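The values are calculated or read from the model by the stated rules, or taken from the named source; none is laboratory data. Since we're looking at a predicted model, the values are computed, not measured. As a convention, Cβ positions derive from the backbone with ideal geometry for all residues, glycine included, and neighbour counts pool all protein chains shown. Protein only, heavy atoms only, side chains kept; ligands, DNA and RNA dropped before computing areas. Shrake-Rupley method; radii C 1.70, N 1.55, O 1.52, S 1.80 Å.
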Amino acid sequence: MFKSFFRFVRFAIIGFLWSYAFIVCANFVMYGLWNFNLLSARSWQTISAFWQSGGVIKTGKDYVFLSMIVALPFVWVWGWRYFCRVSYLSLLLYPINAYNRRIIRKYGHDSSRIVLKNMKSSQKMIEDIKNELESIKPEKAKEVQNIRQQINQVISSEIKKD
């Protein structure tokens, strides 16, 4: 329940921030290249009047403008989906990871293999510890047998009292 709620909140926040950034950037590009303001009704009325009066798309610049207008919604949706998939934890940890990669490249590139020292002595220590544990381990069968005998004696003494 909470997980889906937090996903929705994250989705909405990313959508709001991406939409704002996209509209600002797209408006900057469109206004800079074609003097067309995406947020202005006057710019859209100019396009409508041109089209209603029988305007013809002639030059490559007109085709690029039209393709930009058509591509804007698709780029907006693609960007929203892309930023929803980004792992923000990895973005926060990027400086640390970059520093680690740099140190590994600087100091760790010479060694082509890993050398494990004292391998035999550690294996011998493990075997010694196992042997010591086995010698310390109590004999369960004898203990269980003693407990059973004591229980039987208590039960039989209770039966004799009745």
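When only residues in the stretch 3-42 that are aliphatic (A, V, I, L, M) and outside any helix (DSSP H, G or I) count, which is surrounded by the most Cβ atoms within 10 Å (Cβ to Cβ)? Looking at the filtered set, the residue picked out is Leu38.
Considering each residue of the stretch 111-124 in turn, at least one proves to be surrounded by 10 or more Cβ atoms within 10 Å (Cβ to Cβ), farther than 30 Å from Met30 by Cα and at pLDDT 70 or above. If you go through the stretch 88-103 and keep only what is farther than 27 Å from Ile13 by Cα and open to solvent by 100 Å² or more (accessible area, probe 1.4 Å), you end up with Tyr99, Arg101, Arg102.
Of all residues in the stretch 1-47, those satisfying the criterion of being in contact (Cβ under 8 Å) with a residue 12 or more places away in the chain and over 30 Å from Val64 (Cα atoms) are Arg10, Phe11. Scanning the stretch 43-59 for residues that are part of a helix (DSSP H, G or I) and open to solvent by less than 40 Å² (accessible area, probe 1.4 Å) yields a single hit, Ser43.
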